[in-house]
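Report on one structure; see the data block that follows.
The values are calculated or read from the model by the stated rules, or taken from the named source; none is laboratory data. Quick caveat: nothing in here was measured; it's all calculated off a predicted structure. Every residue, glycine among them, receives a Cβ derived from its backbone with ideal geometry; neighbour counts consider all protein chains shown. Side chains are part of the model used for accessible areas, which takes the heavy atoms of the whole protein and leaves out ligands, DNA and RNA. Shrake-Rupley method; radii C 1.70, N 1.55, O 1.52, S 1.80 Å.
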Amino acid sequence: MDDVYDGMEIEDEAPDRIVLEFAGELDMGIDLNSFLDVDSMTGHNYVAESSSSGQGATGVNLNLALGDAPSSSSSAVVPEREVPDHDSHNKRPKVHSFSLFQSFCNDWDRKLASASSDNENYDFLGRGYNINQGSFKNEFHYLSPVLNDGKSENVSDSSNGRDIRDGEVRMDLTDDLLHMVFSFLDHINLCRAAKVCRQWRTASAHEDFWKRLNFENRNISLEQFEDMCRRYPKATQLNINGAPVIHLLAMKAMSSLRNLEVLIVGKGQLGETFFQDLTGCPKLRSLIVNDATLGNGIQEIPIYHDQLRHLQIVKCRVLRISVRCSQLETLSLKRSSMAHAALNCPLLHDLDIASCHKLSDAAIRSAATSCPLLESLDMSNCSCVSDETLREIALTCANLHVLNASYCQNISLESVRLPMLTVLKLHSCEGITSASMTAIAYSSMLEVLELDNCGLLTSVSLDLPRLQNIRLVHCRKLIELNLRSLGLSSIKVSNCPSLQRISITSNSLQKLVLQKQESLTTLALQCQSLCEVDLTDCESLTNSICEVFSDGGGCPLLRSLTLDNCESLTVVSFRSTTLVDLSLAGCRAISSLELNCPFLEHVSLDGCDHLERASFFPVGLQSLNLGICPKLSSLHIEAARMVLLELKGCGVLSEASINCPLLTSLDASFCSQLTDDCLSATTTSCPLIESLILMSCPSVGPDGLSSLRWLRHLISLDLSYTFLTNLQPVFDSCLQLKVLKLQACKYLTDSSLEPLYKNGALPSLCDLDLSYGTLCQSAIEELLACCTHLTHVSLNGCVNMHDLDWGSDAYQLPEPTIDLELSAEQPSRLLQNLNCVGCLNIKKVIIPSVARCLHLSSLNLSLSANLKEVDLACYNLCFLNLSNCCSLEILKLECPKLSSLFLQSCNINEDTVNVAISQCNMLETLDVRFCPKIHPVSMGRLRAACPNLKRIFSSLASM
């Protein structure tokens with residue numbers, strides 16, 4: 001159809017300024033011509049059939065009982081006797097509380113759902129249309145539905161304040177409460193509410209909710225618009241921008257809507273008569289004309305109105321325009337094509353003629369100087385403006401505060417004096433040079449200055465006491481910036497590749513960002529409130545920058561400093577009592593770092609791989625990672641709050657003084673030059689260390705280990721890859737040790753661990769890692785047999801380890817040391833995790849029930865290439881990994897709780913696996929990939945053997 005009424009939506013946030021709008025959301029496809037004539041007093045429809053095909057056309061009435069007095073052609077749908085007395089509303093008690101609002105909202109969805117469910121076969125004004133058809137299903141329609149006989153099916157009878165419908169009694173709401181709640185609804189929801197009952201329909205039609213009419217870009221006919229004007233004669237705002245025949249619609253609006261205050265038109269042609277009849281709309285305060293052709297394009301358009309306050313003629317096509325409005329305050333002619341503009345607006349204070357390219361310099365001068373009270377002038381993109389015009393404007397408009405002369409190539413501000421100016425925008429003005437700063441300096445009231453893309457500007461030196469905001473972006477020749485303003489709070493300097501020197505004095509500036517100023521070498525700051533500075537990628541900054549940000553350097557409140565990728569810094573030293581965050585990431589040339597910042601909490605040294613000497617004395621750091629500094633040789637740390645220190649990878653660190661009384665974790669892995677003296681000093685000054693990692697620290701010997709006696713809280717010790725031969729200092733000093741890692745300690749003898757299983761050393765030890773060691777089979781057997789308190793044991797890669805037969809005498813539990821009469825049960829092992837990965841000499845692993853491994857839950861034997869037999873009877877075993885045990889032939893499992901079994905790349909028979917898993921009722925995951933004797937087609941047999949299997953990983957094809 002040509003004319004489509006699409007729905008409504010909100011235009012304004014304020015509840016009392018809702019806009020009627022035809023929203024595409026509903027897209028009902030209704031012909032407006034078919035529902036504008038209705039006798040609502042009787043409920044009968046006198047609608048003519050839709051034009052053209054009439055297919056899918058539906059008569060919909062816009063009356064909705066809107067307004068107190070129905071028009072002659074349309075009025076409320078409800079019968080006359082049921083129309084409420086709106087005059088009585090003045091006598092209703094006023095609602096001053098939202099106490100019932102929540103209760104109302106809780107009932108909202110239920111009422112609408114009931115209304116929707118009852119409306120499936122409603123007739124819209126006698127036009128029998130089923131809602132379930134087409135796009136009407138579950139859509140909201142503008143009118144409340146009525147039955148074929150013209151009566152509303154869902155309108156309730158009101159009796160004693162109760163709503164009775166379908167046998168359900170519902171409480172009625174007061175009109176004041178409904179009015180208050182409905183004021184928060186947009187038009188779509190107002191119309192949805194109108195479908196609930198007659199009371200809600202009447203309340204939703206109140207004129208307070210329909211004062212703004214919005215038909216922007218809607219295909220509304222003149223007849224439809226006339227009916228809307230009759231329906232809402234008290235509307236105060238109207239938008240017909242983009243509607244068809246805007247001239248006729250606007251003329252009709254001005255003659256019908258006597259209270260109209262705001263009118264928006266555009267995207268069409270407006271004849272001269274429209275502007276002549278403006279005086280017939282006495283309450284008009286704001287007129288907006290957008291993208292329109294005014295008159296016939298060759299005549300002068302007069303705009304005369306004594307009450308108009310705001311006028312916008314934007315992007316319009318007109319030859320000449322004359323504006324005579326005694327009360328006009330703001331005028332915008334932006335992007336319009338007029339060659340001349342005559343203004344007679346004595347009260348005008350805001351003029352926008354931006355991008356009026358056809359206006360000559362003389363025309364601009366005449367227009368601006370005719371407004372002596374002008375305070376704001378936007379003449380950006382008026383390339384013909386000259387300094388002479390600016391001088392005359394400055395003389396005539398003494399109160400000019402805001403000037404936008406961006407993209408005006410001919411101005412240089414020579415001899416221009418604008419003392420009252422507060423905002424000056426000069427983007428892309430090629431005539432602005434360093435000499436122009438003399439004129440700008442006379443604007444002592446200036447608060448905002450924008451000089452982006454002023455390509456000839458080489459130096460900016462300003463002493464403006466009220467300057468708050470300055471922008472200098474893409475000023476390619478700018479070399480020096482000198483600003484003195486106690487009120488300066490925002491500086492934007494970016495992409496000025498020649499900038500070398502900056503001096504700033506301010507008491508208001510809190511954040512300074514000067515990123516990617518590659519030529520910047522000198523920075524002087526006197527900023528009493530500055531808290532945050534970002535100088536990322538300022539590659540030319542020298543070591544003298546440290547004085548600027550140290551105490552006494554002019555930034556007494558500085559908390560955050562970012563110097564990332566400042567590659568010219570070599571020696572960095574900060575002494576600051578305020579600095580909290582410091583980032584030196586990517587400063588690759590730094591060789592010496594000294595930080596005397598007692599409140600420093602975060603420091604980033606990523607990429608400082610040439611750092612040789614570092615002093616943190618004192619600092620407030622809680623953690624520090626220096627492992628990324630491989631050349632660090634000297635370290636001095638005094639941090640009263642530090643709990644974590646990582647020196648992993650500082651291979652040349654030979655001198656270290658660490659005074660951190662709260663330190664709990666120290667990782668000195670691969671610090672090959674760390675000596676016993678350094679370790680002894682550290683343990684003395686850091687007595688709370690709980691975790692100490694000395695992996696690959698070959699210089700640590702018995703003297704250093706003896707100093708561990710000062711670490712009374714030490715529970716984890718890593719001595720892997722060291723050259724230790726005697727562990728007695730550890731057994732004597734670390735009585736609380738729970739975790740001991742001795743990976744690849746190949747110089748330990750077979751008797752090195754005898755104190756563990758013969759003398760009861762380290763009674764709290766529960767995790768022992770002997771991977772890749774050289775202990776003999778007997779030592780391992782005695783350890784596993786006697787140290788029953790161990791919960792985690794790792795024997796990965798132990799070449800001397802052979803069969804693991806816990807049924808033999810070598811692995812039998814020792815006799816209990818207490819009277820058997822006091823113990824009802826035999827002792828059991830506490831072992832939970834056993835790892836024997838890559839033990840090439842293991843051929844048999846047998847753990848029978850008599851071994852009493854009641855807590856064993858994880859067993860990893862992968863990569864044991866010679867392993868042939870595995871026989872396990874472990875009640876709590878959950879995880880078993882036999883992957884890459886290519887010699888495996890025998891597998892017996894009595895493990896009722898086993899949930900994961902990995903047999904990847906095992907040369908095991910399918911029947912053997914089938915029998916083994918049949919005893920594992922809780923098995924969920926089975927991995928048999930790359931097993932040459934297990935074919936994918938046999939997966940069904942495996943599932944049948946273990947019904948609880950959820951995941952079977954197998955090869956796609958047999959090997």
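Details
- Working note: Debye formula, equal point scatterers on the alpha-carbon atoms of the stretch 427-498, no solvent; log10 I(q)/I(0) at q = 0.18, 0.22 Å⁻¹ is -0.62, -0.93.
- For V739, net neighbour charge (Lys/Arg +1, Asp/Glu -1) across residues whose Cβ lies under 12 Å away: -2
- Projection of the Cα convex hull of the stretch 488-556, averaged over all directions and equal to a quarter of that hull's surface, yields 3.9 nm².
- Taking max minus min of the alpha-carbon positions on each principal axis, the stretch 210-267 gives extents of 25, 20, 18 Å, largest first.
- When the Cα atoms of the stretch 518-559 are aligned to their principal axes, the ranges along those axes come out at 26, 16, 13 Å in descending order.
- Long-range lysine pairs (8 or more apart or interchain), the stretch 198-317, Cα under 20 Å: 8
- Entries of K868/K892; K741/K892; K746/K868; K738/K843; K631/K738; K425/K516 with Cα pairs more than 22 Å apart: K741/K892; K746/K868; K738/K843; K631/K738; K425/K516
- Cα-based shape type of the stretch 552-674, given that a ≥ b ≥ c are square roots of the gyration tensor eigenvalues and the cut on a/c is 1.5: oblate
- A convex hull fitted to the Cα coordinates of the stretch 372-436 yields 74 cubic angstrom per residue.
- 10 Å beta-carbon shell around E594, net charge (K/R +1, D/E -1): +2
- Dimensionless Rg/Rh of the stretch 886-959 - Kirkwood Rh, Rg from C-alpha atoms: 0.92
- Only protein atoms count toward the accessible area here, which uses a 1.4 Å probe; on the stretch 230-324, the carbon and sulfur part of that area reaches 50 percent.
- Computed lengthening from D551 to F184, 0.36 nm per intervening residue step minus Cα-Cα distance: 126.5 nm
- Proximal charge balance of A441 [Cβ under 15 Å; K/R count +1, D/E count -1]: 0
- Stokes-Einstein D (µm²/s) once Rh is taken as the Kirkwood radius of the stretch 836-939 over alpha-carbon pairs, at 4 °C in 1.567 mPa s: 96 µm²/s
- Accessible-area rank, largest first, for H357, H802: H357, H802, with all protein chains present and a 1.4 angstrom probe.
- Taken over the alpha carbons of the stretch 613-704 as equal point scatterers, the Debye sum produces base-10 log I(q)/I(0) values at 0.12, 0.20 Å⁻¹ of -0.29, -0.88.
- Sequence of V571, V513 from largest to smallest accessible area, 1.4 Å probe: V571, V513
- Rg/Rh for the stretch 332-469, where both radii come from Cα atoms and Rh is the Kirkwood radius: 0.95
- Extension gain from L840 to N507, taking 0.36 nm per residue of separation minus the Cα-Cα distance: 112.5 nm
- Solvent exposure ordering (accessible area, 1.4 Å, most first) of M251, M801, M922: M922, M251, M801
- Two-decimal Rg to Rh for the stretch 477-620 - Kirkwood Rh, Cα set: 0.95
- Taking only Cα atoms of the stretch 170-311, radius of gyration then Dmax in Å: 17.7, 66
- Kirkwood-Stokes translational diffusion coefficient of the stretch 295-356, alpha-carbon pairs, 25 °C, 0.890 mPa s, µm²/s: 213 µm²/s
- Rg followed by Dmax, in Å, when the stretch 266-387 is reduced to its Cα trace: 13.3, 42
- Spin-label model, Y304 to D609: label points 7 Å out along the Cα-to-beta-carbon direction sit 8.2 nm apart.
- For the pair S623 and E272 in one chain, pulling the backbone fully straight at 0.36 nm per residue adds 118.7 nm over the alpha carbon distance.
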